[in-house]
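Would you mind keeping the following structure in view while I ask a few things?
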Amino acid sequence: MLSLHESLKCNKLICLPFSWPSEDAMPEVKSIIREVLPKQGQVSMEDVPTMVLCKPKLLPLKSVTLEKLEKMQMEAQEAVKQQELAMKEQSQ
Amino acid sequence: MEVTMDPLFLAWSYFRRRKLQQCSDICAKILQDNPYDQSFAVSQCLKTRALTEMVYIDEVEVDQEGIAEMMLDESTIAQVARPGTSLRLPGTSQGGGPTPAVRPMTQSGRPITGFVRPSTQSGRPGTMEQAIKTPRTASTARPVTSASGRFIRLGTASMLTNPEGPFINLSRLNLAKYSQKPNLSRTLFEYIFHHENDVKNALDLAAQATEHAQFKDWWWKVQLGKCYYRLGLYREAEKQFRSALNHQEVVDTYLYLAKVYQRLDQPITALNLFKQGLDHFPSEVTLLTGIARIHEEMNNISSATEYYKDVLKQDNTHVEAIACIGSNHFYTDQPEIALRFYRRLLQMGVYNCQLYNNLGLCCFYAQQYDMTLSSFERALALVGNDEEQADVWYNIGHVAVGIGDLTLAYQCFKLALAFNNDHAEAYNNLAVLELRKGRIEQSKAFLQTAASLAPHMYEPHFNLSILSEKIGDLQSSYTAAQKSEDSFPEHVDTQQLLKQLRQHFSVL
């Protein structure tokens with residue numbers, strides 16, 4: 001039984017060191033390949049926590065009842081306002 | 001000479017065409033002109049009905065819980081409910097809904113829904129402190145009790161507009177006399193209940209009428225139940241509804257009864273009741289919707305979606321079901337499918353700011369960039385109030401972040417705050433952008449504001465924790481991280497940060 005490392009050496013495919021193919025999927029080919037270990041560029045990734053944004057917000061649709069309630073409340077507020085205005089004018 | 005129509009007939013015609021104000025005006029004239037005529041009683045009845053219809057709202061939908069009902073709850077049987085049995089502990093069910101990392105949360109810790117009804121408007125806060133704080137941050141203030149809520153305000157307003165005083169003076173009404181007349185008593189009851197919002201008098205009338213009907217009329221029992229519900233006597237309401245169901249199976253009674261159970265925080269009983277109802281009325285849409293709503297409120301999104309799909313099989317123009325399934329697809333990373341659902345709503349003739357905003361978002365995330373900005377433009381053209389405008393600008397800010405135009409994003413979030421100064425999400429996102437510009441103090445201030453405005457969101461706490469850790473303030477970083485963990489326990493980054501901080505502390 002070959003170790004993973006040795007079996008990689010036997011593979012003709014040039015594999016990047018950070019994407020190991022699974023062992024059983026590999027065909028047994030007897031040839032020697034070079035091991036590639038990058039020495040510059042982005043070699044490793046450190047998981048640094050970053051700030052998170054709040055997510056986009058789908059706006060919920062309003063039910064008919066809610067719309068009617070809101071409309072009625074608006075109208076009522078308007079009516080009260082107008083009556084108060086009229087009262088003020090009368091008292092002046 | 002012009003032939004004039006009989007005023008009573010005209011009023012009746014107006015009523016049928018739902019021109020209620022005109023109907024009421026004509027009736028008032030008839031009542032003034034010939035008080036001893038035979039048409040007097042008829043027009044009085046008609047005016048009562050017209051006035052009722054003007055302010056009529058579906059009682060099944062109406063549910064507003066005041067602070068008093070919520071905090072001074074007498075029906076609780078256990079301090080902490082078992083998982084999956086309560087509507088008040090939303091995180092307890094194992095439904096596998098999306099985490100707050102993908103789907104925004106409401107104040108009560110539930111994922112936001114695709115559809116609002118009067119009862120879903122503001123969730124149930126967990127503590128007294130939160131309950132009192134809620135009105136300060138939400139756009140609508142929570143009333144002290146449901147009896148002092150919107151209904152009373154509406155009732156008094158309808159009084160004010162009538163300079164001669166109320167149409168029917170309830171205190172001078174002989175309820176006993178009217179309860180004997182079955183054809184008048186129902187109209188009168190609905191007038192008292194819906195128009196005057198005088199639940200106690202309505203209850204009196206209903207009690208006498210049901211006695212007159214020898215406790216055999218289901219309609220009066222349902223009305224009694226409605227009155228008890230409004231008064232907060234849920235067990236009595238339950239009794240009346242149950243008894244009404246014994247006389248006659250009616251869908252509405254099932255819905256009212258389920259409402260009682262939901263208020264008593266017994267979602268499982270409500271679900272069983274709905275299933276009983278479905279045995280009698282197979283595939284009834286309102287019952288199916290009720291089940292779906294309960295599943296959704298218990299954070300069991302996948303089964304809620306199943307039931308909403310059942311609803312759509314029966315009624316393929318059900319706005320609530322389409323909207324809920326659509327939003328669920330959006331937040332499970334399938335904006336293309338969500339887009340189809342929202343387009344369906346557009347086809348059906350729903351035309352408002354919310355829909356265009358959702359279409360814009362779906363288009364953007366489904367990579368249909370040509371439609372995105374025009375949808376948002378329409379959404380902005382259709383906004384009804386400042387809060388909506390703020391939300392639309394907030395979402396445009398997200399689009400700007402997505403295309404990398406951070407200046408535009410900054411301006412959008414600023415605009416969101418200009419329209420709604422309590423927009424916690426916008427504060428948080430602005431803080432992230434400020435930090436990119438290197439303005440640490442400004443960023444920190446925004447994050448603190450966001451955290452105090454919306455303590456239920458994990459993002460501001462988490463960001464504040466990272467920021468504090470970077471500038472070396474480990475203690476406040478730790479407290480913020482703990483708060484973040486409280487609102488989102490499964491968040492991996494928070495846990496890592498906490499672990500790291502604990503290591504730091506143990507070294508010291």
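The values are calculated or read from the model by the stated rules, or taken from the named source; none is laboratory data. All values reported here derive from a predicted model rather than from experimental measurement. Cβ: placed from backbone, ideal geometry, glycine included. Neighbour counts: every protein chain shown. Ligands, DNA and RNA are excluded from the accessible area calculation, which covers all protein heavy atoms including side chains. Shrake-Rupley method; radii C 1.70, N 1.55, O 1.52, S 1.80 Å.
Search the structure for amide H atoms under 5 Å from the amide H of B:Phe115, placed 1.01 Å from N in the peptide plane, and list their residues when 5 or more places away or on another chain.
A:Leu61
Any idea how far apart B:Gln22 and B:Glu336 come out in nm if each label point goes 7 Å out from Cα toward Cβ?
Here the modelled spin labels are 5.3 nm apart.
May I ask you to list the trypsin sites (Lys or Arg not before Pro) in the stretch B:179-231 that are in a DSSP loop and have at most 13 other Cβ atoms within 10 Å of their Cβ? If you can, show how the numbers build up before the last one.
Details: sites: B:Arg186, B:Lys200, B:Lys216, B:Lys221, B:Lys226, B:Arg230; in loops: B:Lys216.
Filter output for the stretch B:179-231: B:Lys216.
Read phi for every residue in the stretch B:302-315 and hand back ³J(HN,Hα) as whole Hz from Karplus 6.51 cos²θ - 1.76 cosθ + 1.60, θ = phi - 60°, with x for Gly and Pro.
In residue order, the calculated couplings are 5, 6, 4, 4, 4, 5, 4, 5, 4, 4, 5, 5, 7, 9 Hz.
At 0.36 nm per residue, minus the direct Cα-Cα distance, what do B:Gln248 and B:Asp370 gain on full extension? Give it in nm, one decimal, please.
Length difference between fully extended and current span is 38.3 nm.
For the stretch B:146-350, what ratio Rg/Rh do Cα atoms give with a Kirkwood hydrodynamic radius?
Working: Rg = 20.6 Å, Rh = 19.4 Å.
Computed over Cα atoms, the ratio is 1.06.
Over the stretch B:426-465, how many percent of alpha carbon pairs lie in each 10 Å bin up to the one with the longest distance?
Bin by bin from 0 Å, the calculated values are 40, 54, 6.
If we sort B:400-408, B:45-53 on the protection proxy, mean other Cβ atoms within 10 Å, highest first, what's the order?
Answer by packing, highest mean first, reads B:45-53, B:400-408.
Then there is this: Here is the link list: B:Lys47/B:Lys216; B:Lys221/B:Lys275; B:Lys29/B:Lys221; B:Lys414/B:Lys499; A:Lys81/B:Lys414; A:Lys68/B:Lys259. Which ones come out longer than 27 Å on Cα distance?
Flagged as over cut-off: B:Lys47/B:Lys216; B:Lys29/B:Lys221; B:Lys414/B:Lys499; A:Lys81/B:Lys414.
Under the Karplus relation 6.51 cos²θ - 1.76 cosθ + 1.60, θ = phi - 60°, what is the ordered set of whole-Hz ³J(HN,Hα) values for the stretch B:274-281, x standing for Gly and Pro?
4, 5, 4, x, 5, 5, 7, 10
Chains A and B: what accessible area do they bury, summed, in square angstrom to the nearest 100, with a 1.4 Å probe?
In total, this chain pair buries about 4100 Å².
Tell me, what ³J(HN,Hα) does each residue in the stretch B:168-184 have, in order and in whole Hz, if you take phi through Karplus 6.51 cos²θ - 1.76 cosθ + 1.60 with θ = phi - 60° and put x for Gly and Pro?
In residue order, the calculated couplings are 10, 8, 5, 5, 9, 7, 8, 5, 4, 5, 6, 5, 6, 9, x, 6, 8 Hz.
Please give the FRET efficiency for B:Ser302 paired with A:Ser31, using the beta carbon to beta carbon distance and R0 = 51 Å, rounded to the nearest 0.05. Intermediate values should be presented prior to the final figure.
Details: r = 51 Å, r/R0 = 1.00.
Rounded to the nearest 0.05, the efficiency is 0.50.
Summing +1 for each Lys or Arg and -1 for each Asp or Glu, what net charge is found among the other residues whose Cβ lies under 15 Å from the Cβ of B:Gln475? It would help to have the intermediate numbers written out before the result.
Values: positive: B:Lys444, B:Lys470, B:Lys483, B:Arg502; negative: B:Glu469, B:Asp473.
Around B:Gln475, the charge tally is +2.
Can you work out the FRET efficiency for the pair B:Glu236 and B:Arg82, with r the C-beta to C-beta distance and R0 = 22 Å, to the nearest 0.05? Provide the component values of the computation, followed by the final result.
Numbers: r = 27 Å, r/R0 = 1.22.
Computed FRET efficiency for B:Glu236 and B:Arg82: 0.25.
Check each of the chymotrypsin sites (Phe, Trp or Tyr not before Pro) in the stretch B:214-265 and keep only those in coil by DSSP with at most 14 other C-beta atoms within 10 angstrom; list them in order.
Those satisfying the criteria are B:Phe215.
Right, another one. Suppose the chain between B:Asn183 and B:Gln448 were pulled fully straight at 0.36 nm per residue; how much longer would it get relative to their current alpha carbon spacing? The partial results should precede the final answer.
Details: separation 265, 0.36 × 265 = 95.40 nm, distance 6.20 nm.
Stretched fully, the B:Asn183-B:Gln448 segment lengthens by 89.2 nm.
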